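K.L.:
After the structure tokens below, expect a handful of questions from me.
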Amino acid sequence: MSVDTTTTETPPPIVGKPGGRIGDRTFLTITRLAGLLILVIMGSIAAFLVWQSVPAIRQVGIFNFLKTQEWNPQASPPVYGIATLVFGTAMTSVIALVLALPIGYGVALFIAYYAPRKVAAPMGYIIDLLAAVPSIIFGMWGVYILMPHMQGVGMWLNNYLGWIPIFKNTLGQYTKSLLVAGVVLAIMIIPTIAAITREVFVQVPSAQLEAAQALGATRWETMRMSVFPFGKAGMISAAMLGLGRALGETIAVALVLSASFAINWHISEPAGNTIAANIALKWNESTPLGISALIASGLVLFLVTLGVNMIARGIIARNAAFSGANG
């Protein structure tokens, strides 16, 4: 007796095949155009910055522009150098990141797994709102509230950690410093880091958490073995977004820094300036050549930010395969 193995049942349609439906083809076209538009915009910005930077680069020279620690439009010929600006931008951003990462990750972890539901929801809303506060508010708070209270911190660092060069203060003045600017930036980027990291932490599969707890892991061991490996890529992304905001911050930094052009490794002394703050402060009083120099400094900041993000994407891509996020 033979068995008929044929069937008349129609197989289900393949979901996601580009040529299947008009809606799928339309959506695919829109997403491709959106991706292409982003590339065109980024290329246009880069081309504009390079084009406008040419007069200053020709006048000053690329190497002099990068290594000179002076910005003097009144000199003959004018002197434009961004070494101090690059140093100030890097130092304030590093200080901000060092202070903000532990707090941001801790807040995200508390909201996701430790806080009661009645507390976690309002805290999440508050964190999201803080991420949208204008930078001028943080700047004014830094000038009138934070700066006077940071003098004690600077004195403590000088007294107990002064043997480390960056914490030593030889002037006895503790205002308008890179440390104050870094703290302001840290407070600004904590909400961004916490909000993004929280969304990553809550995506951890419950099966992973339950498996760790079934093996007898404590709550902290569960976080360390299940939550952090899964969320590593997202944590790096949050850090890089926070760093990007710190690198490009303008008004808040301009209010709390002394805007001097000297590289000073003593972070609690009045000194320092950043690329973004210098552009904001010098733009209205600059000559055409000075504006070109400011745009050239903006090009350097653009390239630095682009490089940081490319490195971050490489780190994320290398860690995503081992995080469990891909299934």
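Computed from the coordinates by the stated procedures, all read-outs in this text should not be read as laboratory data. Just so it is clear, the model here is predicted, and its values are computed rather than measured. Cβ coordinates were reconstructed from backbone atoms using ideal geometry, including for glycine residues, and neighbour counts include every protein chain displayed.
K.L.:
Under 10 Å, Cα contacts only: if you run a Gaussian network model on the chain, which one of 162, 290, 234 comes out with the highest mean-square fluctuation?
P.N.:
162
K.L.:
Reported to two decimal places, what Rg/Rh ratio describes the chain when computed on Cα atoms with Rh from the Kirkwood expression?
P.N.:
1.10
K.L.:
What do you get for the angle between helix 288-320 and the principal long axis of the chain? Use alpha-carbon atoms, 0 to 90 degrees, nearest ten.
P.N.:
Once rounded, the angle reads 30 degrees.
K.L.:
Under a 10 Å cutoff between Cα atoms, tell me which one of 81, 242, 314 has the largest fluctuation in the Gaussian network model of the chain.
P.N.:
Of 81, 242, 314, the most mobile in the Gaussian network model is 314.
K.L.:
Here's something else I'd like to know. Could you give me D for the stretch 139-195, from Stokes-Einstein at 10 °C and 1.306 mPa s, where the hydrodynamic radius is the Kirkwood radius over C-alpha pairs? Units µm² s⁻¹, please.
P.N.:
Value of D from the Cα-based Kirkwood radius: 130 µm²/s.
K.L.:
Quote to one decimal, in nm, the extra length available between residue 64 and residue 224 on full extension: 0.36 nm per residue of separation minus the C-alpha distance between them. Numbers along the way, then the final one.
P.N.:
Working: separation 160, 0.36 × 160 = 57.60 nm, distance 4.83 nm.
Taking 0.36 nm per residue and subtracting the Cα distance, the gain is 52.8 nm.
K.L.:
Per 0.36 nm of contour for each residue apart, how much would the distance between residue 309 and residue 39 grow if the chain were fully extended, relative to their Cα-Cα spacing?
P.N.:
95.7 nm
K.L.:
Here's another thing I want to ask about it. If we count GluC sites (Glu not before Pro) as exposed when they sit in a DSSP loop and have at most 11 other beta carbons within 10 Å, what is the longest stretch of the chain that avoids them all? Walk me through the intermediate numbers first.
P.N.:
Values: sites that count: 9, 285.
By the stated rule (loop sites, at most 11 other Cβ atoms within 10 Å), 10-284.
K.L.:
Something else: When the chain is modelled as a GNM with alpha-carbon springs shorter than 10 Å, which of 305, 175, 29 fluctuates the most?
P.N.:
Comparing 305, 175, 29 in a Gaussian network model of the chain, the most mobile one is 29.
K.L.:
For the stretch 149-254, compute Rg over Rh where Rg is the Cα radius of gyration and Rh is the Kirkwood radius from the inverse mean 1/r over Cα pairs.
P.N.:
1.17
K.L.:
Hey, quick one: spin label on residue 110, modelled 7 Å out along Cα-Cβ, who in the stretch 178-212 has an amide N within reach, i.e. under 20 Å?
P.N.:
Under 20 Å, as judged by backbone N against the label point of residue 110, lie 183-203 of the stretch 178-212.
K.L.:
Under 12 Å from the Cα of residue 176, which aspartates and glutamates turn up, not counting those fewer than eight places away in the same chain?
P.N.:
269
K.L.:
What 222 nm value per residue comes from the helices of the chain, counting each DSSP H run with n ≥ 4 as -39,500 (n - 2.57) and dividing by all residues, nearest 500 deg cm²/dmol?
P.N.:
Using -39500 (n - 2.57) per qualifying helix, the result is -21500 deg cm²/dmol.
K.L.:
In degrees from 0 to 90, rounded to the nearest 10, what is the angle of the helix 178-201 Cα long axis to the longest principal axis of the chain?
P.N.:
Helix 178-201 sits roughly 0 degrees off the main axis of the chain.
K.L.:
If I fit a long axis through the Cα atoms of helix 22-60 and take the longest principal axis of the Cα atoms of the chain, what angle between them do I get, 0 to 90°, rounded to 10?
P.N.:
Tilt relative to the chain: about 20 degrees.
K.L.:
In the chain, which longest range has no chymotrypsin sites (Phe, Trp or Tyr not before Pro) that are both DSSP loop (not H, G, I, E or B) and surrounded by at most 15 other Cβ atoms within 10 Å? Present the calculation step by step, with values, prior to reporting the outcome.
P.N.:
Details: sites that count: 163, 265, 283, 322.
The longest such stretch corresponds to 1-162.
K.L.:
Which length gain, in nm to one decimal place, applies between residue 29 and residue 214 when the Cα-Cα distance is subtracted from 0.36 nm times their residue separation?
P.N.:
Once the chain is fully extended between residue 29 and residue 214, it gains 61.9 nm.
K.L.:
From the Cα trace of the stretch 54-149, what convex hull volume per residue do you get, rounded to a whole Å³?
P.N.:
So the per-residue Cα hull volume is 178 Å³.
K.L.:
Tell me, rounded to the nearest percent, the portion of alpha carbon pairs in the stretch 82-229 spaced more than 28 Å apart.
P.N.:
Percentage above 28 Å: 37.
K.L.:
OK, next. What aspartates and glutamates could a cross-link reach from residue 232, if we take a straight Cα to Cα line under 14 Å and drop same-chain neighbours fewer than 8 places away?
P.N.:
199
K.L.:
Something else: Taking every Cα atom in the stretch 217-302, find the radius of gyration and the maximum pairwise distance Dmax, and write them in Å.
P.N.:
When restricted to Cα atoms, the stretch 217-302 yields Rg and Dmax of 19.5, 65 Å.
K.L.:
Could you please state, rounded to a whole Å, how far the C-alpha centre of the stretch 185-217 is from the C-alpha centre of the stretch 63-142?
P.N.:
About 23 Å separates the Cα centre of the stretch 185-217 from the one of the stretch 63-142.
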